[in-house]
1. How would you classify the range B:194-269 from its alpha-carbon gyration tensor, with a ≥ b ≥ c the square roots of the eigenvalues: rounded for a/c under 1.5, else prolate if a/b is greater than b/c, otherwise oblate?
2. Per-residue Cβ counts within 10 Å, from other chains only, averaged over A:21-29: what number is that?
3. For the range B:369-416, what Kirkwood radius comes out of the mean inverse Cα-Cα distance, in Å?
4. For n ≥ 4 DSSP H runs only, could you compute -39500 (n - 2.57) per run for the protein assembly as shown, divide by its residues and tell me the 222 nm figure to the nearest 500?
5. According to a simple spin-label model (label point 7 Å from Cα along Cα-to-Cβ), what is the distance in nm between residue A:96 and residue B:363?
6. In nm, to one decimal, how far is the residue A:339 label point from the residue A:286 one, both placed 7 Å along Cα→Cβ?
7. So how tilted is helix A:2-19 from the main axis of chain A? Cα-based, degrees 0 to 90, rounded to 10.
8. Could you state the principal axis extents of the C-alpha atoms in the range B:73-173, from the largest down, to the nearest angstrom?
Ligand code: HEM
């Protein structure tokens, strides 16, 4: 039928346009990245690092060519001197970069290897408790062991920049390998080496316990695992995980939750205010969050947000909570949607029958 | 005053005072529409329905919306979307409706162009229709600002900035439009006023004008045939319904529109409930932040083609900056469709595919507009920028060429 042909032409034109401005444009604007990886073996991080360093090397090599050309053009002695200096610097960068990059990549690989090894050790709970009492509770509260934070959130924020989280659920929400890595070197585990590079002059508020033997770290983890936390289910579990994992930095206004660290302290500590996450399930979508939380640097190079090292289950809880708060009408929307479509279909069919009846008289 | 006799029924009572009988005849049962039309002629009624849906859902939103930069975002995303019963439904209907109405407007417009429904007496239909297009664009733009998300803010910023390119008065004009030196609370409140009062009023008035403009020239038909409406109407009233070339607006024409409307609503509600991201951009669920420029700024999809005409000129030509050239091209793009009746110099009123030259022009234009729309969203870097430039030039060239093409066509067909 002619009208169906016209409809088909219309559908093709609209379809092409839609494809171009939605799936295709989004693909162009947000090139896909490696998907979330809960193995905590450092492979993806090292691959990303190597790629970034390779790009840096290309840029540095180009810079050498640019400076060389500049130097050839320059006539004034002073300018020549300045360019020569820049050229020297660029050249030395080109010379040293591959070595440093290789060494650092190796260091990171070894770091995660050790952490994996540590996590596989059998820990001693009693010894772990001794270590935690001696080392951790100076800063962290452990409610489940009857040891709340010794100082107020405001004071803690003033002392450490950010409120150290309560460790009661640490062994449930953080992956064991991550936890072992984190205790040995928080900055490496969180994948924020850039921010805390030697040149930055910054030190991370929590010390690296790299002086501990792997067995001792395993003991600490074993102790944290032994803490009996009340088992929560469904929405309650989602909320608790979010607050434990993200609550020191992020607020959730639509759930009337404020970050434990005061906003102005956070700004100083992070260099930027962590956003309120009430609507992030909508603005970023589940897929992005899934990859982002697992390793923020992979999607937002140089971001201040650290990797928090959640297990896949805990991360799922966090995203579920963000959806419960950010899109609470989802179920209602879907069920009402189905009814509405069914009703409209009936309307459309009746419309068709009525039209057939009326037009039979004039055709 | 005329004598009024005692009315026997409520109907008669009103009929005496309001002339209902006569009114219904003129507007409905004896308002004649050609029989030889297809579903594309239902777009006008779809637009009327969409406008009504937008108006009603808008009223519900207006009960809870707060036009204040500190409250707007949460009043929409929390109060309306989460607290108010079915507030989310009205928001979805309104936002998706605003997008879909443009899809239908474009179909309606290009149907008009395809069948040549803008000339030989139908000029005022066309002009009033284009006025509606401009008003709807202003309505869409002002409405998009209201939730005060990142895209609201930055699209408003970029689009108002465009006016800064106008010589001499540009800078002052931008400040005048924004009510401040930057996009701010005063910008929001004035666009709120425009969105909920002034523009809807103007649209209502213009719809009336559009409908009125249809009365004398009548709606076009599939073959562009001109015939004697009175004679055909008489045939119909005499019972020769099959032979007559016309049908009454009610119930015959509208029965078909209801059928088309039913399937259209199926499509519309599917989008409303299940596939709304294209109309409610995720980026806009981030609160507006004047210090944080999003990585990619783009207007709503229906502005993309003209946005791309603006962006297409990204380098200096003959001493005129790319920015000025883009602005000129943009201004031309906004106005040029108004001139269709005069740019088309061919006397033919026929579907484009039956016109020897115009058909190429029409399909060329369609392809170009789709390319412009897609590249209007893509980041304007590398080859994308050049595709944008080429398609902008093509767009302008098409309209420069139109009078010549159609003149030649007129010669070829010899005034038919
Ligand atoms: C909300 C906006 C609009 C409404 C409610 C509306 C409504 C209508 C209606 C009810 C008709 C008669 C039925 C039909 O042919 O579809 C019509 C015809 C027409 N409209 Fe619109 N319209 C709108 C916008 C526009 C625009 C933007 C244009 C293009 C510039 C336009 C151009 C025309 C033309 C050329 C006709 C005559 C069609 C023919 O003779 O075949 N209209 N409009």
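Coordinate-derived values only; no laboratory data. Note that the coordinates shown come from a computational prediction; the quantities given were computed from them, not determined experimentally. Please note: Cβ atoms are built from the backbone with ideal geometry, for glycine as well, and neighbour counts cover all protein chains shown.
1. Oblate is the answer for the range B:194-269, as a/c is 1.5 or above yet b/c matches or exceeds a/b.
2. 5
3. 12.5
4. -20000 deg cm²/dmol
5. Output for this residue pair reads 6.5 nm.
6. It is 2.4 nm.
7. 10
8. Here the Cα extents, ordered largest to smallest, are 54, 43, 16 Å.
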